[in-house]
Amino acid sequence: MPSVRISKEYISGIYYLTFTVRNWYYLFDRHHRFEILADSLTYCQKHKGLKLYAYVFMLNHVHLIASAPDMIAFVRDFKKFTSKEMQKNIIATEPNVLRLFDRGNSAYEFWEKTNMPKVIKSEAYVIQKINYIHANPVRKTVREKS
């Protein structure tokens, strides 16, 4: 099983990452939540040196192939910012949904702890992952129609 965290020895590598919403809840398909994700990635590109090679937003998870000078900091900051923005958005649009992410003591957790980080070490592997990312929404649509 892949590591839960990015190794400190490879913080500037190119990674395939998956960010998953807790309990696989369909969260991003409404109320401009895809925009929260996109705006956060754009900010990280402009201010944190994030380079995106491929990505897809699904209903309850995000896949990325990316690099940054410090991937550990990117992951931490992306999850922290998007969590705060999702909380504000849910309070404003679907307050009852917020309880699904309640950890107690008025703390909320939107993302699963693992990011499933995998270092990209070969051209074949990056091509495989890019193809997977690009086909992910297509596979989802086909499964729903079946």
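Coordinate-derived values only; no laboratory data. Source: prediction; values computed, not measured. Virtual Cβ from ideal backbone geometry, glycine too; neighbours counted across all protein chains shown.
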Across the range 63-81, which residue is surrounded by the fewest Cβ atoms within 10 Å (Cβ to Cβ) among those that are touching a residue at least 60 places away in the same chain (Cβ under 8 Å) and not hydrophobic (A, V, I, L, M, F, W, C)? Lys79
Any residue in the range 40-59 that is assigned to a helix (DSSP H, G or I) and closer than 23 Å to Tyr25 by Cβ? yes
For the range 13-53, give me each residue that is basic (Lys, Arg) and under 24 Å from Ser122 (Cα atoms). Lys51
Is one or more of the residues making up the range 109-131 in a helix (DSSP H, G or I), of a type in the set (Val, Ile, Thr) and over 18 Å from Ile11 (Cα atoms)? yes
Of all residues in the range 14-39, count the ones that are surrounded by 17 or more Cβ atoms within 10 Å (Cβ to Cβ), of a type outside the set (Phe, Trp, Tyr) and in a loop (DSSP other than H, G, I, E, B). 1
In the range 99-112, how many are surrounded by 10 or more Cβ atoms within 10 Å (Cβ to Cβ) and closer than 21 Å to Arg76 by Cα? 7
(1) touching a Lys or Arg at 6+ places or on another chain (Cβ under 9 Å); (2) part of a strand (DSSP E or B) all hold for Pro69 apart from (2)
Which number in (1) in contact with a strand residue (DSSP E or B) (Cβ under 7 Å, 6 or more places away or on another chain); (2) part of a helix (DSSP H, G or I) marks the one condition that Val97 misses? (1)
